[in-house]
Amino acid sequence: VIFTLLICVGIVMFACNKSVKLVDFADYTVTADLGSTYTFSATSVKDTEGKTYRLNYSVTDADGNAVDVIGGAFTVDDLRGYKATASVEIGGTVHSINITVNVRDVTPPNILIDTPLRGFATRPYTLPQITVTDNTGEQIVPTVKVVYIGDGIEVEQTVSDGVFTPETEGNYRIVVSATDSAGNSDTVSSDFFVRNALGENLIEDFYSERY
């Protein structure tokens, strides 16, 4: 009887000490878009015997600060990337893997042109306020040009310090382009009308208005 009990105890101890082998549970790297909510794809992991275990996730930013993870997801707002850990405790032993989360910026700069005023030919025209912002906080200097839009032609104007002098009446277009350091770019335009300047003692002619 004692021998039988010893055998049974040995079998139990062997079963308890048997290491659990998890399937497809290894370190990996992913890429997330800046400004998005990243959700870890796996909510659980299985062992070689088909038993399922629920995963727990923790995330830290580039400074080592903990990031809130809710429902296996977190907000991606740091271009420097994140370090994450997926873990599960089985029989008092914690099994874990490391996840590197690289972050990419795929959002172009936001360009805003205030509504341009009407101008007069041969008189200096000051361009409206132009604002460029980027989701990374990067300071971007835009490219600004003004073109005269004629019948099937576009003639670029000479602009200096946000001011140019239109030589002729007609439609003009302000074109603003901006590119961030990640290579994302956008272009926005706004049209305005220039009419002939009034001479002394002349009655204003509204028939020249194009729009």
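Here segment 116-158 is scanned for amide nitrogen atoms under 12 Å from the site 7 Å beyond the Cα of Ala197 along Cα-to-Cβ, giving 120-125. Along its first, second and third principal axes, ordered by size, the chain spans 127, 30, 24 Å in Cα coordinates. Neighbours of Tyr57 by Cβ distance under 15 Å: Lys/Arg scored +1, Asp/Glu scored -1, total -2.
Placing R0 at 35 angstrom, the Cβ-Cβ distance between Thr29 and Thr143 gives a FRET efficiency of 0.45 after rounding to 0.05. Annotation: per residue accessible area for segment 86-169 equals 61 Å², rounded to a whole number [probe 1.4 Å, protein chains only].
The values are calculated or read from the model by the stated rules, or taken from the named source; none is laboratory data. All values reported here derive from a predicted model rather than from experimental measurement. FYI the Cβ positions are ideal-geometry reconstructions off the backbone, even for glycines, and counts take in every protein chain you see. All accessible areas refer to the heavy atoms of the entire protein, side chains included, with ligands and DNA or RNA removed. Shrake-Rupley method; radii C 1.70, N 1.55, O 1.52, S 1.80 Å.
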